[in-house]
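Note sheet for the following structure.
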DNA sequence: ATTGCTGCAAACTCTTTGCAAGTTC
DNA sequence: GAACTTGCAAAGAGTTTGCAGCAAT
């Protein structure tokens with residue numbers, strides 16, 4: 001229950017009205033990794049809860065605007081979402097749709113320092129995104 | 001004319017048949033920055049040359065498979081393409097659809113070295129992609 | 001001659017939008 | 001009760017596919 005209140009808080013703090021759909025969408029974003037809008041719709045069905053696909057998109061878009069979550073663009077052309085992360089990067093498989101998080105604060109600091117000391121002409125950096133494309137060697 | 005022959009060569013070397021459409025598409029990729037499929041179609045029209053949108057997509061997909069070009073996923077959901085680059089990064093505007101190249105070999109080396117020395121568990125890196133999201137301060 | 005490519009149109013997928021009814025604050 | 005949100009359905013944008021005819025090797 002405590003968890004649910006955290007979601008409500010986040011939504012209130014973002015200046016949005018709290019609805020069941022929004023709380024559940026936030027919750028799903030916490031429990032499924034990088035879901036697409038359709039993944040979220042399916043998860044509502046799995047839990048016997050109702051939502052329309054339009055609402056899912058509307059809500060996700062509202063969350064993105066409020067910076068509660070962010071979009072990931074993928075090779076497959078489907079947009080995926082994730083809770084706004086403590087900085088991390090992404091590993092993309094060349095072979096399939098797999099996406100994994102990769103945490104490396106050291107690397108992030110390295111890039112940040114480099115950019116800060118050097119600067120980019122005519123550009124102010126707001127966010128750093130880094131992806132590694134390659135092959136997963138586990139399983 | 002020499003330029004055109006270079007395009008033909010690239011296509012032959014990729015094991016694809018040389019057609020006027022393909023040569024022109026390669027040429028457009030060289031002269032327009034990060035075009036979408038539709039940008040390419042428009043450019044054919046500008047030059048009074050004919051192509052169908054299906055062919056544009058087929059060709060781009062063939063080129064991507066042969067690694068002649070690569071896809072860029074953008075916030076807007078439209079896929080853009082570019083000639084397979086000497087490594088560089090991308091600057092994305094938070095406000096509009098603008099995308100610029102950013103060259104920084106030093107930074108690339110930094111990231112590469114870091115990854116090589118440290119390694120990523122269960123993952124082999126094939127390609128590094130880095131984007132900076134922020135604001136253009138020129139103009 | 002064989003294989004691959006083009007053009008066209010139809011189909012598909014993902015996402016957005018308009019609006020009436022319902023909810024939240 | 002004012003403002004916002006939902007659900008639904010329809011529309012829109014971008015991309016993919018099937019196939020007959022044509023072109024490249």
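Read-outs throughout are calculated quantities, based only on the coordinates presented, and are distinct from any laboratory measurement. Since the structure is predicted, the reported quantities are computational estimates derived from the model, not experimental observations. Methodologically, a virtual Cβ is constructed for each residue, glycine included, from the backbone with ideal geometry; neighbour enumeration extends over all protein chains shown.
Looking at segment B:86-139 only, what percent of DSSP beta bridges run antiparallel? Nearest 5 please.
55 percent
Rounded to the nearest 10 degrees, the angle from helix B:37-46 to the longest Cα principal axis of chain B is 40 degrees. If you restrict to DSSP beta bridges whose two residues both lie in the protein assembly as shown, what percentage is antiparallel, to the nearest 5? Percent antiparallel among DSSP bridges in the protein assembly as shown is about 80. Out of every Cα-Cα pair that segment B:1-83 contains, those further apart than 22 angstrom amount to 17 percent.
Measure nothing fancy, just the Cα-based angle from helix A:105-118's long axis to the longest principal axis of chain A, in degrees from 0 to 90, nearest 10. Taking the Cα atoms of chain A, the angle to A:105-118 is about 60 degrees.
Sorting the segments B:43-51, B:88-96 by their residues' average number of neighbouring beta-carbon atoms within 10 angstrom, most packed first, yields B:88-96, B:43-51. When each of the peptides B:113-124, B:97-108 is scored by how many other beta carbons lie within 10 Å of its residues on average, the order from highest to lowest is B:97-108, B:113-124. In nanometers and ordered shortest first, the copy-to-copy spacing of the residue B:117 label point, defined 7 Å from Cα toward Cβ, is 1.4. Counting only alpha carbon atoms, the long axis of helix A:2-13 and the longest principal axis of chain A meet at about 70°. Taking every residue in A:114-120 and counting other chain Cβ atoms within 10 Å of its Cβ, the average works out to 3.
Peptide A:127-138 is shielded by partner chain Cβ atoms: per residue, an average of 6 of them sit within 10 Å of its Cβ.
To the nearest 500 deg cm²/dmol, what mean residue ellipticity at 222 nm is calculated for the protein assembly as shown from DSSP H runs of n ≥ 4 alone, each contributing -39,500 (n - 2.57), summed and divided by the residues?
It comes out at -13500 deg cm²/dmol, rounded to the nearest 500.
Each other copy places its own label point for residue A:50 at 5.3 nm from this one, sorted shortest first, where the point lies 7 Å along the Cα-to-beta carbon line.
Placing R0 at 45 angstrom, the Cβ-Cβ distance between residue B:31 and residue A:52 gives a FRET efficiency of 0.50 after rounding to 0.05.
Using Stokes-Einstein with the Kirkwood hydrodynamic radius over Cα pairs, what translational diffusion coefficient do you get for the protein assembly as shown at 25 °C and a viscosity of 0.890 mPa s, in µm²/s rounded to a whole number? D = 116 µm²/s.
Based on the Kirkwood approach, the hydrodynamic radius assigned to segment B:1-48 is 11.1 Å, with every pair of different Cα atoms included. When you work out D = kT/(6 pi eta Rh) for chain A at 37 °C and 0.692 mPa s, using the Kirkwood radius from C-alpha pairs as Rh and the Stokes-Einstein form, the result is 195 µm²/s. For a distance above 18 Å, tell me the whole-number percent of Cα pairs in segment B:65-128 that qualify. Above the 18 Å cut-off, segment B:65-128 has 51 percent of its Cα pairs. With a 10 Å cut-off around each Cβ of A:71-81, the average count of Cβ atoms from other chains is 3. Counting only DSSP beta bridges with both residues in chain B, the antiparallel share comes to about 75 percent. Nearest chain B C-beta to the B/A rotation axis, reported as residue and distance in angstrom, is B:73, 2.
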